[in-house]
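Note sheet for the following structure.
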Amino acid sequence: MILAIDMGNTNIVIGCIDDEKTYFVERLSTDKSKTALEYAMGFKTVLELYNIDIDKIQGAIISSVVPPSLNAVAEAVRKIVGKAPLIVGSGIKTGLNIKMDNPKTVGSDMIVDAVAGIQEYGAPLLIIDMGTATTISVIDKEKNYIGGIIAPGVRLSMEALASNAAQLYRVSLETPKRVIGKNTIDCMQSGLVLGAASQIDGMIERMEEELGYSAKVVATGGLAHTVIPLCKKDIIVDDDLLLKGLKIIYDKNQEA
C-alpha cells in the first residue's frame, strides 16, 4: 500500500492504494500558510478515520501544482511514513510521450491523469479534470500526449462573478431546475453548471473534429459528478484516476 497525494490550488487529494484496490479518497483544503506539522496532523487524522495502519504504508508519492507548499507537504509525509516521498517532476519515469512545445510546462496532475487514463481506457482518449481549472488533455491513437485546453473551473467562475458583479453572489453549485432561470440563483446555476456541461460537450466535438476521429472520454475532479451527468456526450467518471496514475508512476520508479 502507498500513500498518494495530489496537491491542487484548491484541494489536496489524498488516498491509499495498492495493486488490488483504492482504500479511500479524501480532499483537504490547500493552505499555503500551513506548516509541515499542520499538514502532517491533517493527513494523520484522515488515515486514522479510515483505520489505515501506517506500518503497512510502504511508500508515498506526491504530485503538486503548488510549488510554495510542496516542501511542507513532502516533510509532512516523511513525518508520517518515515520515508521521503517520490515527487512527480523532472527526472521521474512516467512512460508518457509528451508532444508539446515545452513538455516541462505540462502540469504534473495532467501527466498523472494521462498515465492512468492510457492504462485504464486505452487511446485515443480525452481526459477532463474539473478542479480549480477545468482541463482537457488529449491522447492520440499512438498514446502520445499531444495537448489540450485549460479553462476557468466552475467554482472559480462563480467566485469571479461574485467578486466583480455588485448584484451577484455565491450560490451552491447544483443542478438547476431549468435552463432558463426565473431568479438570480437559478440563472447563475444554469450559467455556471449547464454552461460548463455545454462547454465540455462543445470542446469534445471540436477536438474530435480536429483529430479526425472519435475518442473515449473520461472525467475526474471534485465537480465531475455535478457537471458530467448533464453533458450530452458519453463520458466516464473516474474518481480514482489521479491515485491510479500516482500508483503506476510510483511502481515504474521502484522498478527503475
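The values are calculated or read from the model by the stated rules, or taken from the named source; none is laboratory data. Since the structure is predicted, the reported quantities are computational estimates derived from the model, not experimental observations. Neighbour counts run over all protein chains shown; Cβ positions are idealised from the backbone, glycine included. The accessibility values were calculated without ligands, DNA or RNA, using every heavy atom of the protein model including side chains. Shrake-Rupley method; radii C 1.70, N 1.55, O 1.52, S 1.80 Å.
Tell me whether segment 164-179 contains one or more residues that are touching an Asp or Glu at 6+ places or on another chain (Cβ under 8 Å) and surrounded by 18 or more Cβ atoms within 10 Å (Cβ to Cβ). Full working, then the answer.
Residues of segment 164-179 touching an Asp or Glu at 6+ places or on another chain (Cβ under 8 Å): 170, 176-178.
Still in the running and surrounded by 18 or more Cβ atoms within 10 Å (Cβ to Cβ): 176.
Scanning segment 164-179 turns up at least one residue that is touching an Asp or Glu at 6+ places or on another chain (Cβ under 8 Å) and surrounded by 18 or more Cβ atoms within 10 Å (Cβ to Cβ).
Out of everything in segment 1-28 that is more than 14 Å from the chain's Cα centre (by Cα) and open to solvent by 60 Å² or more (accessible area, probe 1.4 Å), what residue ends up being nearest to V154 (Cα to Cα)?
Of segment 1-28, the ones more than 14 Å from the chain's Cα centre (by Cα) are 1-3, 16-24.
Next, only the ones that are open to solvent by 60 Å² or more (accessible area, probe 1.4 Å) stay: 19-21, 23.
Working: D19: 33, E20: 33, K21: 30, Y23: 28 Å.
Out of the qualifying residues, it is Y23.
Is it fair to say L125 is surrounded by fewer than 17 Cβ atoms within 10 Å (Cβ to Cβ) and either closer than 23 Å to A197 by Cα or modelled with pLDDT of 95 or more (or both)? Spell out the reasoning first.
Working: surrounded by fewer than 17 Cβ atoms within 10 Å (Cβ to Cβ): no; either closer than 23 Å to A197 by Cα or modelled with pLDDT of 95 or more (or both): yes.
Against the criterion (surrounded by fewer than 17 Cβ atoms within 10 Å (Cβ to Cβ) and either closer than 23 Å to A197 by Cα or modelled with pLDDT of 95 or more (or both)), L125 does not qualify.
Out of (1) in contact with a Phe, Trp or Tyr (Cβ under 7 Å, 6 or more places away or on another chain); (2) within 18 Å of E26 (Cα to Cα); (3) part of a helix (DSSP H, G or I), what's the single condition that is false for L47?
Tallying (1) in contact with a Phe, Trp or Tyr (Cβ under 7 Å, 6 or more places away or on another chain); (2) within 18 Å of E26 (Cα to Cα); (3) part of a helix (DSSP H, G or I), L47 fails exactly one: (1).
In the set G117, G107, G91, which member is open to solvent by 70 Å² or more (accessible area, probe 1.4 Å) and more than 26 Å from K56 (Cβ to Cβ)? Spell out how you get there, then give the answer.
Working: G117 fails: open to solvent by 70 Å² or more (accessible area, probe 1.4 Å); G107 fails: open to solvent by 70 Å² or more (accessible area, probe 1.4 Å).
Going through G117, G107, G91 in turn, the sole match is G91.
Identify all residues within segment 132-142 that are in contact with a Leu (Cβ under 8 Å, 6 or more places away or on another chain) and assigned to a loop (DSSP other than H, G, I, E, B); write none if there are none.
Answer for segment 132-142, where residues must be in contact with a Leu (Cβ under 8 Å, 6 or more places away or on another chain) and assigned to a loop (DSSP other than H, G, I, E, B): T132, D140.
Go through segment 70-106 residue by residue and tally those that are within 17 Å of the chain's Cα centre (by Cα) and within 21 Å of A133 (Cα to Cα).
The total comes to 5.
Given the conditions (1) open to solvent by 40 Å² or more (accessible area, probe 1.4 Å); (2) in contact with a Lys or Arg (Cβ under 9 Å, 6 or more places away or on another chain), report the number of the one that V112 does not fulfil.
Unmet condition: (1).
Tell me, please, whether a residue that is more than 30 Å from S172 (Cβ to Cβ) and either out of contact with any helix residue (DSSP H, G or I) (no Cβ under 7 Å at 6 or more places or on another chain) or open to solvent by less than 30 Å² (accessible area, probe 1.4 Å) (or both) can be found in segment 233-241. If you could, list the steps in order and put the result at the bottom.
Within segment 233-241, the first condition is being more than 30 Å from S172 (Cβ to Cβ), and the residues that meet it are none.
No; the residues of segment 233-241 include none that is more than 30 Å from S172 (Cβ to Cβ) and either out of contact with any helix residue (DSSP H, G or I) (no Cβ under 7 Å at 6 or more places or on another chain) or open to solvent by less than 30 Å² (accessible area, probe 1.4 Å) (or both).
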